[in-house]
1. Return a whole-number percent for the relative contact order of the chain, with Cα pairs under 8 Å and 6 or more residues apart as the contact set.
2. Within the chain, what percent of beta bridges assigned by DSSP are antiparallel, to the nearest 5?
3. For the stretch 24-128, which trypsin sites (Lys or Arg not before Pro) are in a loop by DSSP, counting at most 16 other Cβ atoms within 10 Å?
4. Volume per residue, Å³, of the convex hull around the alpha-carbon atoms of the chain?
5. Any idea what angle helix 57-71 forms with the longest principal axis of the chain, computed on alpha-carbon atoms, 0 to 90 degrees, nearest 10?
6. Taking only Cα atoms, what is the 0 to 90° angle, nearest 10, from helix 4-51's long axis to the longest principal axis of the chain?
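Just so you know, all these numbers are worked out from the coordinates, no wet-lab data involved. Keep in mind that what you see is a predicted model, and the values were worked out from it rather than measured. All Cβ positions, glycine included, derive from the backbone under ideal geometry; neighbour counts span all protein chains shown.
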Amino acid sequence: MDNKGQTLVLFVILLPLLFVLLALVIDIGLLVNEKSKVDNAVKDSIKSALKSEPSSNQIVEERVAYLINSNIEDIKIKKIEYKDSVLYVSVSKNYKTLFARILSQKNYSIDMSFKAYIENDEVIIKKE
């Protein structure tokens, strides 16, 4: 008995599912990569601003905002507050994945909040 026809039908049915699964894995990987880029860029901006011997709270806040906006495209800064030698930063970035584009879905929102301070001449950054 010859099963070539059954195998071909099964292959034709499963091949699109495999492509969708592969695309989903790639899509999630790109989303995680974008989140990592935002995380690293914000942390680098915070370190740079705090290491520059701040003379006033407003200068630190302006420097952090400038560095974040120059390092990351299309980012929304929700909050930058420097008080009592502690810097609070909250950012948001919309990211449209491949599936969101195909299905006309809304963007994914990458939201992050950080708390940073200087301790023993070292910048400490914690996610909140």
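1. The normalised contact order for the chain reaches 18 percent.
2. Given both bridge residues lie in the chain, the antiparallel proportion sits at roughly 100 percent.
3. Answer by residue number: LYS96, LYS106.
4. Taking only Cα atoms, the chain has a hull volume of 129 Å³ per residue.
5. Its long axis makes an angle of about 30 degrees.
6. Tilt of helix 4-51: around 0 degrees.
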